[in-house]
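A.B. asks: To start, I am sharing the structure in question, which I have written as structure tokens.
The values are calculated or read from the model by the stated rules, or taken from the named source; none is laboratory data. Note that the structure is a prediction, hence the values are computed from the model and not measured. In this analysis, Cβ positions are derived from the backbone assuming ideal geometry, glycine residues included, and neighbour counts consider all displayed protein chains.
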Amino acid sequence: MTIGGSVTGWASLVCIILFIGGIQLLALGIIGKYISKIFLETKKRPVYIVKEKG
């Protein structure tokens, strides 16, 4: 900070950083959902299990 006043452009810089951080979190969430679907698909488990009789 400078003596006698605030730094110009500080608020816009903070807003831009928060906006970019939000976009990164959104992208990370989308990638996480995609990877979890790939993981569940590669486990090759059946959707249901049939119980044997007797």
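A.B. asks: Please state which of the following conditions Tyr48 fails to meet, knowing it meets all the rest: (1) within 20 Å of the chain's Cα centre (by Cα); (2) outside any helix (DSSP H, G or I).
C.D. replies: Tyr48 satisfies every listed condition except (1).
A.B. asks: Of the conditions (1) surrounded by 10 or more Cβ atoms within 10 Å (Cβ to Cβ); (2) modelled with pLDDT under 95, Ile49 clears all except one; give me its number.
C.D. replies: Against the list (1) surrounded by 10 or more Cβ atoms within 10 Å (Cβ to Cβ); (2) modelled with pLDDT under 95, Ile49 comes up short only on (1).
A.B. asks: For the stretch 25-34, does any single residue satisfy the condition of being surrounded by 10 or more Cβ atoms within 10 Å (Cβ to Cβ) and more than 21 Å from the chain's Cα centre (by Cα)?
C.D. replies: Checked the stretch 25-34: no residue is surrounded by 10 or more Cβ atoms within 10 Å (Cβ to Cβ) and more than 21 Å from the chain's Cα centre (by Cα).
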